[in-house]
1. Please determine, by comparing only the residues of the range 453-466 that are modelled with pLDDT of 90 or more and within 39 Å of the chain's Cα centre (by Cα), which one is most open to solvent (accessible area, probe 1.4 Å).
2. Looking only at the range 409-458, which residues are more than 30 Å from GLU478 (Cα to Cα) and in a loop (DSSP other than H, G, I, E, B)?
3. Looking at the range 77-91 only, could you name the residues that are open to solvent by less than 60 Å² (accessible area, probe 1.4 Å) and either under 30 Å from TYR229 (Cα atoms) or out of contact with any strand residue (DSSP E or B) (no Cβ under 9 Å at 6 or more places or on another chain) (or both)?
4. Pull up the range 236-283, narrow it to residues that are in a loop (DSSP other than H, G, I, E, B) and in contact with a Gly (Cβ under 7 Å, 6 or more places away or on another chain), then point me to the one that is least open to solvent (accessible area, probe 1.4 Å).
5. Given the conditions (1) under 30 Å from SER425 (Cα atoms); (2) in contact with a Gly (Cβ under 8 Å, 6 or more places away or on another chain); (3) assigned to a helix (DSSP H, G or I), report the number of the one that GLU564 does not fulfil.
6. For the subset of the range 378-404 comprising residues that are part of a helix (DSSP H, G or I) and loosely packed, with under 13 Cβ neighbours inside 10 Å, which member is modelled with the lowest pLDDT?
7. Just to verify a result, which residue in the range 467-495, among those that are part of a helix (DSSP H, G or I) and of a type in the set (A, V, I, L, M), is surrounded by the fewest Cβ atoms within 10 Å (Cβ to Cβ)?
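The values are calculated or read from the model by the stated rules, or taken from the named source; none is laboratory data. Only a predicted model underlies this, so the values are computations on that prediction, with no experimental measurement involved. Virtual Cβ from ideal backbone geometry, glycine too; neighbours counted across all protein chains shown. Ligands, DNA and RNA are excluded from the accessible area calculation, which covers all protein heavy atoms including side chains. Shrake-Rupley method; radii C 1.70, N 1.55, O 1.52, S 1.80 Å.
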Amino acid sequence: MRLTGFQSGLDINQMVSDLMKAQRIPMNKLTQQKQLLEWKRDDYREVNRLLNEFSNLSFNMTLQRSYSQKKVTSTNTSVSATATSTAANVSYTLSNVKVATVATNASSSSMMTSGKKLDTAKSLWEQRGDIANYDSLNSIVDPRSVTQETDRVFVGTDFDPKELTLIKVTNNEGEVSTYSMVSSTDQFQEGENQAFYDESTGEVIFSNTLEADSVIEAPPNYKFAITTYNQTGEPLVHEFSFRADATMNEIISQINSSKLGLTAFFDDFNGGLVLTKREAGDFNNGGNEIEFSGAFLTNVMNLNQNNEQGGTSAKVTINGVETERNSNNFTINGVTFNLNENMAPGESAVINVANDTEQTFNTIKDYLTKYNELIEKINAKLGEPLYRDYKPLSKDEREALSDRQIEQWEERARSGLLRNDSILSSGLGKMRTSLYETVGGLGGSFSHLAQIGITTSTEYMDKGKLIFDDDKLREAIEKDPNSVMMMFTSNGNNETGIGIARKLREAAQGTIRSIEARAGNASRTAQQFTIGRELINVDKRISAFERRMQTVEARYWRQFTAMEKAIGQANSQSMQLMSYFNNG
């Protein structure tokens with residue numbers, strides 16, 4: 001039991017607290033050391049993030065496509081084109097363009113009875129009386145009356161049970177209820193209209209008791225199939241099945257979202273369905289582009305395959321040779337042509353493919369600008385001032401400061417953790433060397449960055465940043481684009497030097513590996529990198545110190561408790577003596 005100053009009149013709690021503050025000074029140093037290690041680890045990883053981004057960009061710069069972009073021009077808006085990086089610099093003359101057309105099929109007559117309009121958001125079954133040929137669909141279970149109250153009705157077994165998806169029940173007052181089918185009576189839920197078909201007896205069992213004179217019916221499902229053809233002529237088949245209470249909007253939505261490549265809509269004016277292929281052309285060798293089957297489409301929607309329009313192939317004369325294509329988009333030797341509209345007689349279009357100098361210029365300049373940004377950020381870390389008097393704040397120190405003061409303090413406490421760091425300094429040196437070296441054995445006009453207008457700044461404060469002569473770079477790309485590309489991408493084969501982008505990537509990856517060995521990454525455990533192991537060691541020392549502090553604090557309390565007891569005994573003896581003398 002702890003005695004807290006009742007006998008001595010001292011504030012024992014405060015005295016123990018003050019004594020422990022002095023004892024904890026070494027602990028504060030350990031927590032500061034841990035915080036500094038964590039900050040240093042995080043700063044290293046942030047630099048690694050920047051290096052990884054630059055390494056990925058450097059990889060892209062080793063690919064031919066980064067330098068071989070093509071610019072395509074057309075003298076006539078009837079034809080446009082694009083080209084891949086592998087396309088040759090050539091010209092094409094196109095004339096007699098007749099574009100491919102999209103295939104369309106529409107209902108030959110209205111599906112509705114005279115004067116009636118379909119509500120596309122309402123169940124087709126509810127509007128069956130206004131749909132002219134709805135009765136051409138066969139009900140799964142024909143309407144039949146219930147003569148007395150019951151919860152089961154015999155419907156027979158002469159149908160596919162899978163077709164039985166719902167049952168409509170009309171009571172003697174004309175109110176209609178829809179019962180959804182479940183696979184067993186155990187699935188019945190209170191308050192829900194549900195039914196189960198027992199194949200062994202041919203009965204439908206209902207979750208509720210049906211009134212006498214009710215009429216039950218299992219209306220027809222709407223089943224149909226549609227086939228279209230892709231660019232290679234392969235058929236795309238999709239089978240549709242809808243319950244009787246489906247709406248026209250739901251049916252159209254599923255057609256549009258299918259793999260068929262169709263756009264469907266309901267033509268309210270003509271009262272029918274319209275199906276249109278999204279891609280123009282003839283993909284079925286002169287046959288129908290849209291094929292379909294099923295009484296719902298042919299009888300109810302009045303669609304006829306013989307009424308298809310369009311779906312014709314494109315015709316064009318290219319460099320004097322007449323040709324036919326099954327679509328308005330086709331590719332020749334890396335150039336993709338887009339036929340936009342028919343040409344008038346005598347019209348033509350010249351498609352010219354050339355190197356996109358400006359795109360290559362922007363690619364190279366953007367890459368080396370990223371290099372400048374990278375070394376600027378790393379140099380800033382290497383030159384950050386170190387404020388030795390600013391240590392990480394303890395918990396008590398934080399409580400005495402405002403948020404703004406804490407932010408300002410920690411900004412200085414974190415500063416300079418990577419000052420003059422050997423890993424970063426070495427990595428920067430390797431990247432600079434990669435830029436200065438000549439790429440030998442290329443056999444072209446250029447082998448050094450200075451030859452294409454890229455040099456190092458002479459300003460000391462720029463610390464190795466590159467500066468650009470835009471005109472000279474553009475001129476070099478126009479003069480010998482392959483030489484410029486090889487200076488960045490050369491892989492060292494055939495006695496050539498390693499390209500600049502490859503060397504920069506290797507230098508960045510080497511620095512990344514060195515940083516990961518010291519500061520780790522998200523996938524490494526603490527045991528696998530230097531700072532992690534140092535943090536483990538500090539945590540062990542903190543744990544040991546905490547146990548020691550608990551022992552010291554317990555000792556202080558034992559001492560003060562003994563003092564309180566001694567004072568209490570002395571006071572008791574003094575009172576006894578005073579009482580003895582007063583009574584004597």
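1. Going through the qualifying residues, I end up with LYS465.
2. Answer for the range 409-458, where residues must be more than 30 Å from GLU478 (Cα to Cα) and in a loop (DSSP other than H, G, I, E, B): SER415, GLY416, LEU417, LEU418, ARG419, ASN420, ASP421.
3. Scanning the range 77-91 gives SER78, VAL79, SER80, ALA81, ALA83, ALA87.
4. PHE283
5. GLU564 satisfies every listed condition except (1).
6. Filtering first and then ranking leaves ASP396.
7. Among them, the one singled out is LEU473.
Yes or no, residue by residue, for (1) out of contact with any Leu (no Cβ under 8 Å at 6 or more places or on another chain); (2) under 20 Å from GLN359 (Cα atoms):
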site: LEU435; (1), (2): no, no
site: SER445; (1), (2): yes, no
site: THR458; (1), (2): yes, no
site: LYS472; (1), (2): yes, yes
site: ILE477; (1), (2): yes, yes
site: PRO481; (1), (2): yes, yes
site: MET487; (1), (2): no, yes
site: ILE512; (1), (2): no, no
